[in-house]
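Notes for the one structure printed next.
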Amino acid sequence: MTEHRVLSPTDYRRMPWKNGGGTTTEIAAHPAGAGMASFAWRVSIADVETDGPFSIFGGVDRTLVLLAGAGMRLAGDGQPLELRTPFEPVVFSGDRNLSCGLVEGPVRDFNLMVRRGVARGSVVVRREGGDDIVPADTYLCYAAVGASECLVAGHPPIALPESHSLLVTPAAGPTAHGLVVNPVAARSVALVAAIRFE
């Protein structure tokens, strides 16, 4: 059996970036309330308003998804990365020393971080209904554009308004048995962070 909780924007936590260069809105983290140095996983939304350095997160793997704006380019250690296409996940190591250059004005991005050796994660983009999301221990579904309906085994359908999130966790140890996400309008887009513990 799984447990779930719908999170509204009033449940999110606004805080400064690790390097103090901007602000981020934490949707959820594990353990709940964990700091930047102690989370196993963390999902947040960042508003990037100016060019500048990215925070370094040693031992953490990151996935960014562009939500709004013309995009940004990350350059520094290794190959440059570009976030130019909305709702296209970009994966990189938090160990990298990177600086951000905005393409044309501020952007907003969705950010999944998982601590290497503790958890693994991926972001699945849903623009229309489909099969179960990949099996995972924890899911966080964020209604990025429009509303979505989420189906969790053993529960009635869950309506998820825009900007709200659904957190699905195992009740007593067993792995969560899939999640189906159905955007309810042609323009709706949902992002699902699927997290497995090592």
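No value in this document is a laboratory result; all are computed from the given coordinates. The model shown is predicted, which means the values in this text are computed figures rather than measured ones. Reconstructed Cβ throughout: ideal geometry from the backbone, glycine too, with neighbour counts over all protein chains shown.
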| query | What FRET efficiency would be calculated for the residue pair F197, D131, taking the C-beta separation as r and a Förster radius of 22 Å, to the nearest 0.05? | reply | 0.45
| query | Given a cut-off of under 8 Å on Cα pairs at least six residues apart, what relative contact order in percent is computed for the chain? | reply | 24 percent
| message | Between A37 and R108, how high is the FRET efficiency from 1/(1 + (r/R0)^6) when r is the Cβ-Cβ distance and R₀ = 22 Å? Nearest 0.05. | response | 0.30
| Modelled label reach - D95, point 7 Å along Cα→Cβ, the range 31-70 residues with backbone N closer than 15 Å | 56-62
| request: List the GluC sites (Glu not before Pro) within the range 1-98 that fall in a DSSP loop (any state other than H, G, I, E or B) and whose Cβ has at most 15 other Cβ atoms within 10 Å. | output: E49
| note | Residue by residue through the range 112-129, the couplings from Karplus 6.51 cos²θ - 1.76 cosθ + 1.60 with θ = phi - 60°, in Hz, x for Gly and Pro, are 9, 10, 10, 7, 4, x, 10, 8, 10, x, 8, 10, 9, 9, 10, 9, 8, x
| query | Would you list Y12, Y139 from fewest to most Cβ contacts within 10 Å? | reply | Y12, Y139
| Within a Cβ distance under 15 Å of D95, other residues only, what is the Lys/Arg minus Asp/Glu net charge? | +3
| task | With an 8 Å cut-off on Cα pairs and a minimum separation of 6 or more residues, tell me the relative contact order of the range 1-106 in percent. | result | 24 percent
| note | Full extension between E82 and N19 adds, at 0.36 nm per residue less the Cα distance, a length in nm of 20.6 nm
| note | For the range 118-163, listing GluC sites (Glu not before Pro) in a DSSP loop whose Cβ sees at most 15 other Cβ atoms within 10 Å gives E128
| query | In whole Å and largest first, what semi-axes does the C-alpha gyration tensor of the range 119-197 yield when each eigenvalue is scaled by 5 and square-rooted? | reply | 20, 13, 10
